[in-house]
């Protein structure tokens, strides 16, 4: 009886899930974004399955087609893992130097920009205007990449 | 307060209406302010545009920087608890 090599299929699908769950799910929380624990755990299981599937496919009684398919599936799993690590640890640090950004102890440059209600807002105004009838204690400037 | 290259309409739709953030968002589509803070990320790979790199500055009422985080990896940005701890240290 011919039996399906479920380990290689499970390993292949799990490596897809392990890769794509980072940008679509785990990127949302700092603890799973800064270091991809959750994805590495999924990849570890995927790689074990791929390894077991590969070992099975390379038994002498197996056909050449299943040897080729299993090898491709295993290579894909390893590629997905490498791509995720490259994205986070290499591409994530492709940032320009910001040596002239204000340092601790320096005055932050003032600016006036348009807010989400099309009103002009100046930093000086945010620093001095009372918030909920209490004097402003601090202002946090968050520069971010955009909504996308 | 948040600053990005997004237009006021994009910010209103995505950050205020969809995400529900209650704080002020400012738009800097010409990167004038982002440039003054030396945070311009020229031709960013994913968007293909000039955008701001992530950075956070905590200012006291005189406008002096009391704490900052200029990340070396854009998957790592300031966590709320880090900012709160820095804010507690202010007078």
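Every number here is computed from the coordinates shown, using simple stated rules; none is lab data. Because the structure is a prediction, the values reported are computed rather than measured. For neighbour counting, all protein chains shown are included, and Cβ atoms are generated from backbone atoms with ideal geometry for every residue, glycine included.
Quick one: compute a quarter of the convex hull surface over the Cα atoms of the protein assembly as shown and quote it in nm².
Details: hull surface 64.9 nm².
Average of the hull's projected areas for the protein assembly as shown equals 16.2 nm².
Return a whole-number percent for the relative contact order of chain B, with Cα pairs under 8 Å and 6 or more residues apart as the contact set.
On the way: 102 pairs, mean separation 17.4, N = 91.
Relative CO of chain B lands at 19 percent.
Taking 7 Å along the Cα-to-C-beta vector as the label spot, tell me the residue A:136-residue B:43 distance in nanometres, rounded to one decimal.
3.7 nm
What's the average, rounded to a whole number, of partner chain beta-carbon atoms within 10 Å of each residue's beta-carbon in B:49-61?
On the way: counts 3, 0, 5, 5, 9, 5, 8, 5, 11, 7, 11, 6, 8.
Whole-number average of other-chain Cβ neighbours for B:49-61 is 6.
Contour minus end-to-end for residue B:87 and residue B:32, with contour as 0.36 nm per residue of separation and end-to-end as the Cα-Cα distance? If you can, show how the numbers build up before the last one.
Values: separation 55, 0.36 × 55 = 19.80 nm, distance 2.74 nm.
Here the segment from residue B:87 to residue B:32 would lengthen by 17.1 nm.
Work out the FRET efficiency for residue A:71 and residue A:29 from their Cβ-Cβ distance, taking R0 = 30 Å, and round it to the nearest 0.05.
The calculated FRET efficiency here is 0.25.
What is the spin-label model distance, in nm, from residue A:147 to residue A:119 if the labels are put 7 Å beyond Cα along the C-beta direction?
With each label placed 7 Å out from Cα toward Cβ, I get 1.9 nm.
Assuming R0 = 22 Å, can you tell me the calculated FRET efficiency for the pair residue A:16 and residue B:19, based on Cβ-Cβ distance, to the nearest 0.05? The partial results should precede the final answer.
Details: r = 29 Å, r/R0 = 1.30.
Efficiency, rounded to the nearest 0.05: 0.15.
As a test of the formula, what do you get for the protein assembly as shown when each DSSP H run with n ≥ 4 contributes -39,500 (n - 2.57) and the sum is divided by the residue count, at 222 nm and rounded to the nearest 500 deg cm²/dmol?
Working: 8 runs with 90 residues, N = 239.
So the helix-based figure for the protein assembly as shown works out to -11500 deg cm²/dmol.
Please report the relative contact order for chain A, taking Cα pairs under 8 Å with a sequence separation of at least 6, and give it as a percent rounded to a whole number. Please list the in-between numbers first.
Numbers: 120 pairs, mean separation 29.5, N = 148.
Computed value for chain A: 20 percent relative contact order.
Between B:51, B:34, B:77, which gets the highest mean-square fluctuation from a Gaussian network model of chain B, Cα cutoff 10 Å?
Maximum fluctuation in the GNM of chain B, among the listed residues, is at B:77.
Taking beta carbons within 10 Å but only from partner chains, what does the mean come to for residues A:99-106?
Working: counts 2, 5, 10, 12, 4, 8, 3, 5.
The shielding value for this peptide is 6.
Round to the nearest 10 and give me the degree value, 0 to 90, for the angle of helix A:6-24's Cα axis relative to the longest principal axis of chain A.
10 degrees
Within the range B:50-91, what residues put their amide N at less than 14 Å from the label point 7 Å along the Cα-to-Cβ vector of residue A:103?
Output list for this probe position: B:65-68.
Taking the 0 to 90 degree range and rounding to the nearest ten, how far is the long axis of helix A:37-57 tilted relative to the main principal axis of chain A, both from C-alpha atoms?
Around 10 degrees separate the two axes.
Per residue of B:14-24, what is the mean number of Cβ atoms on other protein chains within 10 angstrom of that residue's Cβ? Walk me through the numbers before you get to the answer.
On the way: counts 4, 4, 3, 1, 1, 1, 0, 2, 0, 2, 8.
Mean shielding count: 2.
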